Amino acid sequence: MDADTANTHARRRWGIAVACIIGGVAAVGGIVWWFTPESEPATRLGTVRVAGFEKVATEGSTDAVPSAAALFVGPSVDDVSRIISAPGLTVTLLPPRAPSPPRPDPLPGERAYVWAPIAAGRWSNGCALEIRREFETPYHEEKLTKAQIAGMKDGSVYLLRMTATCGER
C-alpha cells in the first residue's frame, strides 16, 4: 500500500470516527430533551381551557422564576372567570382597571403595548395564574389574523395572556 492510499484510509477512518461522535452526542441530547419533564407552570398552563377561545401561542419562562405563558383569542366577554377552567384552579375577576399607558417617550418606530390585568387564578397546590387582556400588542400580532387585530382595537375580540407561576415570586 502506498502513502497516498494509507492517508486516504486514515482520513476515512477519522471522518467516520468524527461522524460517530457527532451522531452520539446528538442522540444523547435528543434523549435528554425527550425525557426532560415540562416545568410545573407549563404543565399547569397546559390544562387551562378557555371556552370559546383559541390558544394561539405558548411561551416558556424568561425570568428567574419558573413560569409559562399562553395567548388565547376569542370574543369579548363580561366575566372571564366563568369561561376559564382547569383542574384545581379557582379564578377570580379583578376590579376594573385602566389599561397600562403607552410609554411616554417611545423610541422612533416603537409601537404601544397596552394591557390590563383582569383576573387572577390559584391552583390548589399554590401555583398562580395571572390573566390580562392585551389591547395593543406589537409583540404578538404575527400570531393573529388581520380581523383579530382589528377586533382587538374595536373591542369585539379579546386577546388574553395567561402566565402561570409556581413558587415564590
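Summary of computed values
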read-out	value
GluC sites (Glu not before Pro) within the range 106-169: DSSP coil, no more than 13 neighbouring Cβ in 10 Å	110, 168
Gain in span if fully extended, residue 57 to residue 39, counting 0.36 nm per residue against the direct Cα distance	4.8 nm
Distance in nm between pseudo-label sites at residue 120 and residue 93 (7 Å out along the Cβ direction from Cα)	1.7 nm
Residue 112-residue 100 pseudo-label distance in nm [points 7 Å out on the Cα-to-Cβ vector]	1.4 nm
Cα-based Rg / Dmax (Å) for the range 40-165	14.5, 46
Residues whose placed amide H lies under 5 Å from that of residue 56, excluding near-sequence neighbours	71, 72, 73
Calculated FRET value between residue 79 and residue 141, using beta carbons and R₀ = 22 Å, to 0.05	0.25
Net charge of Cβ neighbours under 15 Å - reference residue 147; Lys, Arg +1; Asp, Glu -1	-1
Ordering of 39-49, 82-92 by packing [mean C-beta count within 10 Å, highest first]	39-49, 82-92
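Taken together, the values in this text are just the output of simple stated rules run on the coordinates, not laboratory data. It should be emphasised that the depicted structure is a prediction, and the values quoted were computed from it without experimental measurement. We place every Cβ from the backbone using ideal geometry, glycine too, and count neighbours over all the protein chains shown.
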